[in-house]
Amino acid sequence: MLKAALIGYGYWGPNVAKQLYRNKNYVFDTICDLREDRLEKAKELYADSVAYTTDYNSILKRADIDLVAIAVETSRHYQIAKESLQSGKHVYVEKPFTDNVEQAEELKKIAADRGLRIHVDHIMVYHPAIRKIKEIMDAGALGDILYVSCYRQNLGNVKNDVNAMWDLSVHDLSIIDYLADGANVRFVKALGEKAYSSRESITFLSVQYENFIANITANWISPIKERKIIIAGTKKMLVYDDVDVINKLIVYDKGFDKTPIKDMEYDEFVVKSRIGDAIIPKLEQSDALYNSLEHIRTCIENEQESLTDADAAIRVIKVLELANQDLHSNGKELKNE
């Protein structure tokens, strides 16, 4: 059985701890956090079943720890992951993997040189609904993908270490990367606005992939909570609404037929819309974070790469880096006369 330690018990760390403790294929050994008050909260739940420390180096020095789970702020991912790999530990890292591609490439090389596994928790890849969408797409039910629209917005959790795009759109980019089998990106465009933060609180990201386009909205200051993905194909379309507790995923038999319409002028340019049935696929009942942690466990034991390994994370970070550059460019100013 793998022995795991958790570094970071702040915003997301308690969730990781819960699923590590729940998974009996792990020996959940230690929780680390710089703040004693957070460790006291952890002790209320786990008592003497795990050890507690404020010094993560004490974890790295132990030869019996197999996996280090890192759930700290993004700016600290690189250093802690690097030290963990150099000490011979497999690494689970929260998204985004690192601040930039250069750091991610370095960590990838360190892991490869030591035969270690890196798993970036692009958690939505392990969500039952996204797995079902992948199954539907791979079966050809949607046809060729035309566009993907993603909306991820809420009121709150405004951050200063990353902008809304790096915090929220990273989910949607990782989903698209998974569904499209790492499709090549041709063009990136981004707009954003700073509000209540030193980073952009609202971002609009457009990505031209090899065979389709994606439009991704991330917003920390929305009056409504929305986590929605629309995928339009040449055969069918689907909507995934994570906020809807009843009908999270609906597949629509809607689209266009390329049959010329009789007596229609310029009919060679006109297609007829088609509206058929809507189907609600049955979804597996499982926890995405549990699935993510179980996936890296089996990858380590079977000496396989994770679905969301360093390469997958690097493809996402490349898009985010290009988008950041575009956010901070002057753009083209409209001259009002």
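For the stretch 277-302: of the residues being part of a loop (DSSP other than H, G, I, E, B) and without any contact (Cβ under 8 Å) to a residue 40 or more places away in the chain, which is surrounded by the most Cβ atoms within 10 Å (Cβ to Cβ)? Even if it seems obvious, please write down each step before you answer.
Pass one, the stretch 277-302, residues part of a loop (DSSP other than H, G, I, E, B): 280-287.
Subset that is without any contact (Cβ under 8 Å) to a residue 40 or more places away in the chain: 280, 282.
Values: 280: 11, 282: 8.
Within the stretch 277-302, the match that is surrounded by the most Cβ atoms within 10 Å (Cβ to Cβ) is 280.
As an exercise: evaluate residue 94 against (1) modelled with pLDDT of 95 or more; (2) surrounded by fewer than 17 Cβ atoms within 10 Å (Cβ to Cβ) and give the number of the one condition it does not meet.
All conditions are met except number (2).
Applying the selection to the stretch 63-75, what residues are assigned to a helix (DSSP H, G or I) and over 21 Å from residue 289 (Cα atoms)? Break it down stepwise before answering.
The initial filter retains those residues of the stretch 63-75 that are assigned to a helix (DSSP H, G or I), namely 74-75.
Of everything in the stretch 63-75, just one residue is assigned to a helix (DSSP H, G or I) and over 21 Å from residue 289 (Cα atoms), namely 75.
Scan (1) hydroxyl-bearing (Ser, Thr, Tyr); (2) within 25 Å of residue 184 (Cα to Cα); (3) modelled with pLDDT of 95 or more; (4) outside any helix (DSSP H, G or I) for the single condition residue 329 breaks and write down its number.
Single failed check for residue 329: (3).
Among (1) surrounded by 14 or more Cβ atoms within 10 Å (Cβ to Cβ); (2) without any contact (Cβ under 8 Å) to a residue 24 or more places away in the chain; (3) farther than 27 Å from residue 162 by Cα; (4) charged (D, E, K, R), where does residue 244 come up short?
Only one criterion in (1) surrounded by 14 or more Cβ atoms within 10 Å (Cβ to Cβ); (2) without any contact (Cβ under 8 Å) to a residue 24 or more places away in the chain; (3) farther than 27 Å from residue 162 by Cα; (4) charged (D, E, K, R) is unmet by residue 244, namely (1).
So which pairs qualify, if the first residue must be in the stretch 134-148 and under 12 Å from residue 213 (Cα atoms), the second must be assigned to a helix (DSSP H, G or I) and not small (Gly, Ala, Ser), the Cβ gap must be under 7 Å, and the two must be at least 6 apart or on different chains?
Filtered contacts from the stretch 134-148: 148/176.
Starting from residues that are at pLDDT 95 or above and among the polar types (S, T, N, Q), keep the ones in the stretch 115-159 and report whichever is farthest from residue 250 (Cα to Cα).
So, considering only residues that are at pLDDT 95 or above and among the polar types (S, T, N, Q), the one farthest from residue 250 (Cα to Cα) is 154.
Only strands (runs of 3 or more DSSP E) wholly contained in the stretch 175-245 count here; list those with 2 or more residues that are under 23 Å from residue 324 (Cβ atoms). Before you say what the answer is, go through the steps one by one.
Details: elements: 185-194, 200-209, 213-219, 221-233, 237-241.
Per the criteria, 185-194, 200-209, 213-219, 221-233.
Between 142, 116, which is outside any helix (DSSP H, G or I) and in the same structural domain as residue 86 (by TED's automatic domain parsing)? I'd like the intermediate steps shown before the answer.
Working: 142 fails: in the same structural domain as residue 86 (by TED's automatic domain parsing).
When all the criteria are applied, what remains is 116.
Quickly run through the stretch 155-189 and pick out the residues that are surrounded by fewer than 24 Cβ atoms within 10 Å (Cβ to Cβ), at negative phi, touching a residue at least 60 places away in the same chain (Cβ under 8 Å) and polar (S, T, N, Q).
Listed by number, the list is empty, since nothing qualifies.
The values are calculated or read from the model by the stated rules, or taken from the named source; none is laboratory data. Everything numeric in this text was worked out from a predicted model, so none of it was measured. Cβ atoms come from the backbone with ideal geometry, glycine included; neighbour counts cover every protein chain shown.
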